[in-house]
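K.L.:
This structure is in structure tokens; I'll ask about it shortly.
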Amino acid sequence: MLAQAIEAILKPIPVHRLGVTTSEIATMMALSMNLFPLLLHYMEEVRDAQLSRGLGNKFMISGIFSLIIPFFSGSMRLADDISVAMESRCYHGGLRTQLYEMKYKNTDYGLTALTAIILLMSVFYL
């Protein structure tokens, strides 16, 4: 659903001139937004592992490298796992069809108007 929403927002932008489709950009953005908390959790695990090995809270070059190198190797391993999973599910990018196509309904227009009114009131009255 997140990729569909991003793709709908990016539809008017002519990115096809760059050789990229909006669905590819939407997939990349959705993957990065979904994986960001996972990478933060992995960074905390690496930091805790280094602290348990006696690194301490040093902000020296060796301390930073001892955090960055395992983090990048783990994130590259995660990216490789995701790419293998996408290839095994025959994902090739390009034009995708949707099982349920999202359409704007009257309740969506009403909620958009209500959100705009609340936003304007909060800007002008605060």
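The values are calculated or read from the model by the stated rules, or taken from the named source; none is laboratory data. Note that the coordinates shown come from a computational prediction; the quantities given were computed from them, not determined experimentally. For neighbour counting, all protein chains shown are included, and Cβ atoms are generated from backbone atoms with ideal geometry for every residue, glycine included.
K.L.:
Report whether or not Leu99 is over 18 Å from Thr22 (Cβ atoms) and not in a helix (DSSP H, G or I).
P.N.:
So Leu99 passes the test.
K.L.:
For Met33, indicate whether it is under 20 Å from Leu2 (Cα atoms), modelled with pLDDT of 85 or more and either assigned to a loop (DSSP other than H, G, I, E, B) or in contact with a helix residue (DSSP H, G or I) (Cβ under 6 Å, 6 or more places away or on another chain) (or both).
P.N.:
Judged against the criteria, Met33 is not a match.
K.L.:
Does region 106-125 include one or more residues that are part of a loop (DSSP other than H, G, I, E, B), aliphatic (A, V, I, L, M) and exposed (fewer than 10 other Cβ atoms within 10 Å of the Cβ)?
P.N.:
Checked against the condition, which is being part of a loop (DSSP other than H, G, I, E, B), aliphatic (A, V, I, L, M) and exposed (fewer than 10 other Cβ atoms within 10 Å of the Cβ), region 106-125 yields no hits at all.
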